[in-house]
Amino acid sequence: MKDHVIPIAREGVLYSLPFGGAAILALIFGVPVITLVCLVVILFLLFFFRDPHRMAPEQPDLVLSPADGKIVTIQRIHEPSLLQEEAIQISIFLSIFNVHINRSPYPGHVVTTSYHQGKFFPAFREKASLLNEQNSLLIEGPHLKILVKQIAGLIARRIVCWVKVGDYLQPGERFGLIKFGSRVDLFLPLHAELCVGVGEKVRGGETIIARIQRQEGDEHEKGD
């Protein structure tokens, strides 16, 4: 039966505790309406912060989705901050009904993290990618560097990141979450072979976003 239990992120439990206390007090003092409201809020929080188990595909050279949600943008841009080069940007919008745990799209070490406090535009708007609160992770894998941005929506300071520079991430491994409506941007090299399109729904740690084509010389990187 344990395999069917959906774990809850620690943040969801912490948010639920005050409402649990309020529900008990309201019950003691005979205010059932408040108890009911608190229970509904608790159920929503446990649903929102659910953290289901995911099985990442084991094939090499795959880029997995870093989040659950819907792809709203695929475009070629110049990424000016951490990659500082031309890249393919894939933006995933997460509604309040999606799982909000973020997962590593590719195996590698975290070489840079960068937090920006930002503004409060809705996460589905394009300007949110540049102006909203966000946390960036630059992951260096066997053949490339991948940039992942956690972007918050209307309320600031809701990004959680559990990893630091030097940590090694396996494909699909959890690295953080974003609370209450958000967006995740993924920046890939131009030679990535995309496997998804705008409008598609994806699952973090499972959906294949792209395949990485080996560049000339990669097969010799370990030496003869």
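The values are calculated or read from the model by the stated rules, or taken from the named source; none is laboratory data. Remember, it's a predicted structure, so these values are computed and weren't measured experimentally. FYI the Cβ positions are ideal-geometry reconstructions off the backbone, even for glycines, and counts take in every protein chain you see.
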Subject >> Odd one out for Ile34, checked against (1) within 14 Å of Ile101 (Cα to Cα); (2) assigned to a helix (DSSP H, G or I) >> reply: (1)
**OP:** Residues being touching a strand residue (DSSP E or B) at 6+ places or on another chain (Cβ under 8 Å) and within 12 Å of Ser104 (Cα to Cα): count how many of those fall in the stretch 156-184.
**Re:** 14
Subject >> Odd one out for Phe48, checked against (1) loosely packed, with under 13 Cβ neighbours inside 10 Å; (2) farther than 23 Å from Tyr168 by Cα >> reply: (1)
Subject >> Lone qualifier among Ala210, Ala128 - being at pLDDT below 75 and aliphatic (A, V, I, L, M) >> reply: Ala128
Original post:
If you check every pair at least six apart or on different chains, which have Cβ atoms under 7 Å apart with a residue in the stretch 163-190 that is in a loop (DSSP other than H, G, I, E, B) first and a residue that is surrounded by fewer than 16 Cβ atoms within 10 Å (Cβ to Cβ) and among the hydrophobic types (A, V, I, L, M, F, W, C) second?
Top reply: Val165/Val111; Phe180/Ile96; Phe180/Ile155; Gly181/Ile96; Gly181/Leu154
